[in-house]
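Here's the structure we're looking at; comments come further down.
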Amino acid sequence: MSKERVVSDSVVVNAPAADIFELLARPSRHAEIDGSGSVVAATKGPERVSLGDRFGMDMRIVVPYKISNEVVEFEEGRRIAWRHFGHHVWRYELEPVDADTTKVTESFDWGVARVPRFYEIVGYPAKHKANIAKTLERLAAVFADN
């Protein structure tokens, strides 16, 4: 049995799940909420993704680079996740609290990565835990004035 390799955090957002999901399903909006500071802009793919879609992103961690992602989980209004060549997964799960409020959980799952030990050696779990908290804070701020 493998060790669970997931870090996650949650926030309650003052918005309906459908509105939050709409933002998450549009890669062109990911830079708005990215807490890591590495997402620059969407470069290719559909405006709104669904299961199996691929989308490209301009990124920057010290130097600029491009990454291609594939949507690997998709449940309209509830769950969306993508991965790139390393196969680790970024996942968002939305749980309506009521009609106008949603609990959003973001997770980084490196247990499904091609080389999960690499992520631990370079310290990604701790870094991504902090970045997830910042992303969720930014996501909540997008909807704060609704």
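Any chance you could run the full-extension gain for Val112 through Ser50? It's 0.36 nm times the residue separation minus the Cα-Cα distance, nm to one decimal.
Working: separation 62, 0.36 × 62 = 22.32 nm, distance 2.05 nm.
The Val112-Ser50 span can extend by a further 20.3 nm.
Hey, in the GNM for the chain with a 10 angstrom Cα cutoff, which one of Pro125, Pro64, Pro116 fluctuates hardest?
With Cα springs under 10 Å in the chain, the top fluctuation among Pro125, Pro64, Pro116 is at Pro64.
Sum -39500 (n - 2.57) across every DSSP H segment of at least 4 residues in the chain, then divide by the residue count to get the 222 nm mean residue ellipticity, nearest 500.
Working: 4 runs with 37 residues, N = 146.
So the helix-based figure for the chain works out to -7000 deg cm²/dmol.
What whole-number distance in Å separates the alpha-carbon centres of segment 60-120 and segment 25-55?
After rounding, the separation between the Cα centres reads 11 Å.
On C-alpha positions alone, give me the angle between the axis of helix 124-142 and the longest principal axis of the chain, in degrees, nearest 10.
20
State which stretch of the chain is the longest one without any exposed trypsin sites (Lys or Arg not before Pro), exposure meaning a DSSP loop state and at most 16 other Cβ atoms within 10 Å. Working shown, then result.
Values: sites that count: Lys3, Arg48, Arg78, Arg114.
Result for the longest clean stretch: 4-47.
Take the chain, connect every pair of alpha-carbon atoms lying under 10 Å apart with a spring to form a Gaussian network, then pick out the residue of Ala113, Ala126, Ala17 with the largest mean-square fluctuation.
Ala126
Longest exposed-loop-site-free stretch of the chain, with GluC sites (Glu not before Pro), DSSP loop and at most 11 other Cβ within 10 Å?
On the way: sites that count: Glu4, Glu47.
Result, exposed sites excluded: 48-146.
Read the figures in this text as sums done on the coordinates, not as results from a lab. Just so we're clear, the structure is a prediction, and the values are computed from it rather than from any experiment. Backbone-built Cβ (ideal geometry, glycine too); neighbour counts: all protein chains shown.
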